[in-house]
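This report concerns only the one structure given below.
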Amino acid sequence: MKKRWILWLAGALVLGSVHLPAQEAGSVSQELERLWEEWLEGHSEEEMESLYEDLADLLEHPIDLNQAGEQELARLPFLDERQKAALAGFLDRHRPLAGVSDLLLIEGWDEWTVRALRPFIVVETSRDNDRKGPGYGPFRQRLRIKTDGSLQRKKGYLDSDSLRRLSKAYLGSPLAASLVWQGQYSRHWQGGLATEKDAGEKGIDYLSGYLQYKEGGRLKNLVLGDYHVSMGRGLVCHAGTFGGKAAAAAALMGQGSGLRPHRSTAETGCLRGGGLQLDLGRHWSLMAFYSRQRIDTRKQDSLFTSLKKDGLHRTLNEQTCRANTGLIQSGGQLGYRQSWAQWSVNALYYLFDTTWQPDSQPYRRYQFRGRQGGNLSLDGRLRYRQLLLGGELACDARGSLSGLASLSWQAHPLLHCLLSYRHYGTGYQAPFAAAFGENSSAANEEGMFAWIDCRLLKNWALTAYLDCYRFPWLKYQVNAPSKGSELMVEGRYAADRRTECLLRFKEKIGPRQLPADECLPGVAPLQARRRRQARLQLSLTNEGWRYRATADIHWQKILQEAAGRQGCVVSQELRLNPDRQPWVLSLQHSLFDTGGLSLSSYQPDLAGGLPFASVSGQGQRTVLLLGLRPSPCWQVDLRLRHTRYSDRSSVGSGLESIDGCRQTQMGAVFVLKL
């Protein structure tokens, strides 16, 4: 096995040393793949799918910088608030632009920034608009049909009397399918429908839709149907920020973008009803929303103990959780905006038709209990020259507080620093919050976070952060107050537009609770676990093809123990996209030996799919993607993923287990654009 690893790495280095002829920048799809991988690692499948639909909509309808208003510029991804403000000011002074390259004139912007935005923006002149002619209709549509499934039969589909008696047998076919339609009329009206059947479910069990009107004078935004609300920095409800700690400037210094439609097939996390945003004039704005829906919960007698967020209804047991609890949510935001300051007051009220009563585990002592509650917060941002101070202070219905404060300093146009402190109260109750931090909720956490992004050296981009935190109360599987830290250092070097190298190191130290049978006399039940990760990636792009080699090495060690564990994932990917040819081919092959760890690595997938997959044990994985694009109006993507393990006789666990050491998955996506 070791010889195979050595040959694999040697092959990557040999291919990486080949000199290639110069070429233009990579295609839009390649650039999006790189950003997708860097920003979304560590997020849930529901978050990734929702963001992917938003990005796909921007790809289909890129923002014209010569016509865009404030609401449209706010949709641009991968930018922090300072960069968005610099872009808005530049456009006010220099429109109309002659081309996208004009953005390099913005102070603090470099080629890395422009490359990140290039897939989502256009610069159209009056001549471009005339060239479209009278046949360029105002109504545009996009239809996406996706199907996926495994060739091997999983345990949940077997004809087993014992599974049926336990109500654990899957009721439907192993094929997953979804349909998403989106339409846009002029720049004001948008609408969409989405439906889905998960693998194992019997028939279609989810239907979603929305209608949106925007940029209509004082009425800035109106959404009916399924939608998301983004306010503040996540202490009241989800702030809608993505990218994790590596993208801290956008996550911590940004403010909620208000209302946006729910465009994906994710069955949880959205509201159902209506909301609007109004421009009140003289720098004031108002947002109000109302939602009434049925949600999935786990019930015991007349109470429910927790929310069920996976959206799966495959077995009789899972179907008993389906839409069994009513939920009403309402709230709003009153905002004030100047060039140097922005303030907003955010409010959320929620009411369940059944009492929420979590189990009696000690770590759940301060969790929400009851039928109704609410949260109120004050969110603000002050700008002085190169300094930007922002934060949010929130309270719940019981008066418990949580707060977040951040200071950003643009020391140089190509040097950005940030310092942030968070104090999430142990007793703060906000079931729908999702703020920056280690916890899934904005409670029971204190931390100090420092981040720096430096691009002073030509062709180099350096990013680093350090996060030190502690938990004053117990956590899941940690039965004592604890603390931890996380460090990340990343460097990217681009010799030219065809060659790019990335090196990343990450270390995380966190608490680990020993199992009861290991808690012997003299052994501390709570121990510190150190986990390190190193990634080396080389990308070569030439006219019509791209090669990428990646090595991920992980170490994990209990600090009180002498021995540790280590694992590695090595992959090579070749993408062929000949000029003026109606097809794209991508082939990735990976070797993994995780040493008992569960590791996550990037893999190419279909549109809307999860681009990260967890592996454990020893084996290899091959992913083949074929894209057919015979016409600008439609395309078909096919995917084959085959995994072979060398250290086991079955794959997976529980109802998802497969007899044998192999698993093969096939999927297809059909996209029609009119």
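Here are some notes:
- Hey, Lys309 open to solvent by 70 Å² or more (accessible area, probe 1.4 Å) and in contact with an Asp or Glu (Cβ under 9 Å, 6 or more places away or on another chain) or not: yes
- Picking from residues in segment 273-300 that are in a strand (DSSP E or B) and open to solvent by 100 Å² or more (accessible area, probe 1.4 Å), the one that is nearest to Ser257 (Cα to Cα) is Trp284.
- When Asn444 is tested against (1) buried (at least 22 other Cβ atoms within 10 Å of the Cβ); (2) out of contact with any Phe, Trp or Tyr (no Cβ under 8 Å at 6 or more places or on another chain), exactly one condition is not met: (2).
- Exclusive hit being closer than 28 Å to Trp555 by Cα and either aliphatic (A, V, I, L, M) or assigned to a strand (DSSP E or B) (or both), set Tyr421, Tyr465: Tyr465
- The residues of segment 67-97 that are modelled with pLDDT of 80 or more, open to solvent by 40 Å² or more (accessible area, probe 1.4 Å) and not basic (Lys, Arg), listed by number, are Asp92, His94, Pro96.
- The residues of segment 125-160 that are at pLDDT below 75 and open to solvent by less than 90 Å² (accessible area, probe 1.4 Å), listed by number, are Thr125, Ser126, Asp128, Asn129, Lys132, Gly133, Gly135, Gly137, Pro138, Ser160.
- Failed item, numbered, when Arg498 is tested on (1) surrounded by 15 or more Cβ atoms within 10 Å (Cβ to Cβ); (2) free of Cβ contacts under 8 Å to residues at least 24 places away in the same chain: (2)
- Within segment 644-674, the set of residues being farther than 19 Å from Ala199 by Cα and of a type outside the set (D, E, K, R) comprises Tyr645, Ser646, Ser649, Ser650, Gly660, Cys661, Val671, Leu672, Leu674.
- Among residues of segment 173-187 that are within 16 Å of Ile145 (Cβ to Cβ), those with a beta-carbon under 7 Å from a residue that is among the aliphatic types (A, V, I, L, M) and in a loop (DSSP other than H, G, I, E, B) at least six positions away or on a different chain give the pairs Leu175/Ala199; Ala176/Ala199.
Yes/no per residue for (1) at pLDDT below 95; (2) open to solvent by 80 Å² or more (accessible area, probe 1.4 Å); (3) more than 22 Å from Tyr290 (Cα to Cα); (4) assigned to a strand (DSSP E or B):
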{"position": "Val345", "(1), (2), (3), (4)": "no, no, no, yes"}
{"position": "Tyr350", "(1), (2), (3), (4)": "no, no, no, yes"}
{"position": "Ser360", "(1), (2), (3), (4)": "yes, yes, yes, no"}
{"position": "Phe368", "(1), (2), (3), (4)": "yes, no, no, no"}
{"position": "Asn375", "(1), (2), (3), (4)": "no, no, no, yes"}
{"position": "Arg381", "(1), (2), (3), (4)": "yes, no, yes, yes"}
{"position": "Ala394", "(1), (2), (3), (4)": "no, no, no, yes"}
{"position": "Ser406", "(1), (2), (3), (4)": "yes, no, yes, yes"}
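- Applying a threshold of 6 Å to beta carbon distances and a minimum spacing of six or more residues, or different chains, the list of pairs starting in segment 632-653 at a residue that is within 15 Å of Gln588 (Cβ to Cβ) and ending at one that is basic (Lys, Arg) reads Thr643/Arg621; Arg644/Arg662.
- Subset tally (residues that are within 25 Å of the chain's Cα centre (by Cα) and assigned to a strand (DSSP E or B)) for segment 592-625: 14
- Top-ranked residue in segment 604-623 [being out of contact with any Pro (no Cβ under 9 Å at 6 or more places or on another chain), modelled with pLDDT of 80 or more and closer than 29 Å to Arg580 by Cα; ranked as least open to solvent (accessible area, probe 1.4 Å)]: Leu606
Condition check ((1) modelled with pLDDT of 90 or more; (2) in contact with a Pro (Cβ under 6 Å, 6 or more places away or on another chain); (3) open to solvent by less than 50 Å² (accessible area, probe 1.4 Å)) across all residues:
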| residue | (1), (2), (3) |
| --- | --- |
| Pro472 | yes, yes, yes |
| Glu486 | yes, no, yes |
| Phe505 | yes, no, no |
| Gly510 | no, no, yes |
| Gly522 | no, no, no |
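- Given (1) touching an Asp or Glu at 6+ places or on another chain (Cβ under 9 Å); (2) within 30 Å of Arg565 (Cα to Cα); (3) surrounded by 19 or more Cβ atoms within 10 Å (Cβ to Cβ); (4) polar (S, T, N, Q), index of the condition Thr594 fails: (1)
- So Leu457, is it free of Cβ contacts under 8 Å to residues at least 12 places away in the same chain, open to solvent by 50 Å² or more (accessible area, probe 1.4 Å) and of a type in the set (A, V, I, L, M): yes
- Residues in segment 278-317 that are within 29 Å of Ala176 (Cα to Cα) and of a type in the set (Lys, Arg): Arg292, Arg294, Arg298, Lys299, Lys308, Lys309, Arg314.
- Selection count, segment 316-343, where residues are modelled with pLDDT of 90 or more, hydroxyl-bearing (Ser, Thr, Tyr) and either more than 30 Å from Leu278 (Cα to Cα) or open to solvent by 70 Å² or more (accessible area, probe 1.4 Å) (or both): 2
- Members of segment 465-503 that are in contact with a Gly (Cβ under 9 Å, 6 or more places away or on another chain) and more than 16 Å from Asn439 (Cβ to Cβ): Arg497, Arg498, Thr499, Cys501, Leu502, Leu503
The values are calculated or read from the model by the stated rules, or taken from the named source; none is laboratory data. Everything numeric here is computed off the predicted structure, so don't read it as measured data. For neighbour counting, all protein chains shown are included, and Cβ atoms are generated from backbone atoms with ideal geometry for every residue, glycine included. Side chains included, ligands, DNA and RNA excluded: accessible areas come from the protein's heavy atoms. Shrake-Rupley method; radii C 1.70, N 1.55, O 1.52, S 1.80 Å.
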